[in-house]
1. Only residues that are surrounded by 17 or more Cβ atoms within 10 Å (Cβ to Cβ) and under 16 Å from residue 113 (Cα atoms): list them for the stretch 37-52, please.
2. Name the residues in the stretch 136-163 that are under 16 Å from residue 106 (Cα atoms) and exposed (fewer than 15 other Cβ atoms within 10 Å of the Cβ), would you?
3. Name the helices (runs of 4 or more DSSP H) wholly inside the stretch 48-154 in which the number of residues that are touching a residue at least 24 places away in the same chain (Cβ under 8 Å) and under 21 Å from the mean Cα position of the chain (by Cα) is 2 or more.
4. Before we move on, is residue 132 within 22 Å of residue 29 (Cβ to Cβ) and either touching a strand residue (DSSP E or B) at 6+ places or on another chain (Cβ under 7 Å) or at pLDDT below 85 (or both)?
5. Looking only at the stretch 123-131, decide whether some residue is under 20 Å from residue 45 (Cβ atoms), surrounded by 15 or more Cβ atoms within 10 Å (Cβ to Cβ) and not assigned by TED's automatic domain parsing to the domain that holds residue 47.
6. Within the stretch 31-40, is there a residue that is assigned to a helix (DSSP H, G or I) and either at pLDDT 85 or above or over 26 Å from residue 135 (Cβ atoms) (or both)?
């Protein structure tokens, strides 16, 4: 078999594997989201992150199959990463909030509708989780104020999950 045909055959297999992998990942993450009673849009966000990683892996495999010169790609990639690294260093909270969002999706004990207390000394707060986004958790306090609490801080602070009807006056 001609090597060009073999490359096309292997490329087709990679494409099929990508489509199967991304579809399966989306379905699995949707089921996990349903089991954890997460908002459907949260599962979509997390799916996009995982599918992006699968797409990058597939692209690198295709580069290998077709014998693309990695030197040029590595120079370009390292330049993009250097610029991205400087930008993320300047805005480190963006990356930490995205990472915390993934952790919250898989492992966090509180869900939308739960009443919680975040213990943070004089800055403690109590309320009901209204939404969990990629960057923050929206909490409604007893005064009906909407509080945007960053995801990265949420996973660092102690959290008390309260009963739905259990209200504590703030000291």
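The values are calculated or read from the model by the stated rules, or taken from the named source; none is laboratory data. Since the model is a prediction, treat every value here as computed from it, not as a measurement. We place every Cβ from the backbone using ideal geometry, glycine too, and count neighbours over all the protein chains shown.
1. Of everything in the stretch 37-52, those that are surrounded by 17 or more Cβ atoms within 10 Å (Cβ to Cβ) and under 16 Å from residue 113 (Cα atoms) turn out to be 38, 42.
2. The first filter runs over the stretch 136-163 and keeps only residues under 16 Å from residue 106 (Cα atoms), leaving 136-137, 151-152, 154-156.
Across the stretch 136-163, the qualifying residue is only 156.
3. Details: elements: 70-90, 92-107, 151-154.
Answer list for the stretch 48-154: 92-107, 151-154.
4. Numbers: within 22 Å of residue 29 (Cβ to Cβ): yes; either touching a strand residue (DSSP E or B) at 6+ places or on another chain (Cβ under 7 Å) or at pLDDT below 85 (or both): no.
Judged against the criteria, residue 132 is not a match.
5. If we filter the stretch 123-131 for residues that are under 20 Å from residue 45 (Cβ atoms), which is where we start, we get 129-131.
After this cut, where a residue has to be surrounded by 15 or more Cβ atoms within 10 Å (Cβ to Cβ) as well, the list is 129, 131.
Adding the requirement that they be not assigned by TED's automatic domain parsing to the domain that holds residue 47 leaves 129, 131.
Yes, there is a match, as at least one residue in the stretch 123-131 is under 20 Å from residue 45 (Cβ atoms), surrounded by 15 or more Cβ atoms within 10 Å (Cβ to Cβ) and not assigned by TED's automatic domain parsing to the domain that holds residue 47.
6. First, pick out the residues of the stretch 31-40 that are assigned to a helix (DSSP H, G or I): 31-35, 40.
Checking the rest, the ones that are also either at pLDDT 85 or above or over 26 Å from residue 135 (Cβ atoms) (or both) come to 31-32.
Yes; the residues of the stretch 31-40 include at least one that is assigned to a helix (DSSP H, G or I) and either at pLDDT 85 or above or over 26 Å from residue 135 (Cβ atoms) (or both).
Conditions (1) surrounded by 10 or more Cβ atoms within 10 Å (Cβ to Cβ); (2) in contact with a helix residue (DSSP H, G or I) (Cβ under 8 Å, 6 or more places away or on another chain); (3) in the same structural domain as residue 130 (by TED's automatic domain parsing), marked per residue:
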| site | (1), (2), (3) |
| --- | --- |
| 32 | yes, yes, no |
| 35 | no, no, no |
| 54 | yes, yes, no |
| 57 | yes, no, no |
| 70 | yes, yes, no |
| 85 | yes, no, no |
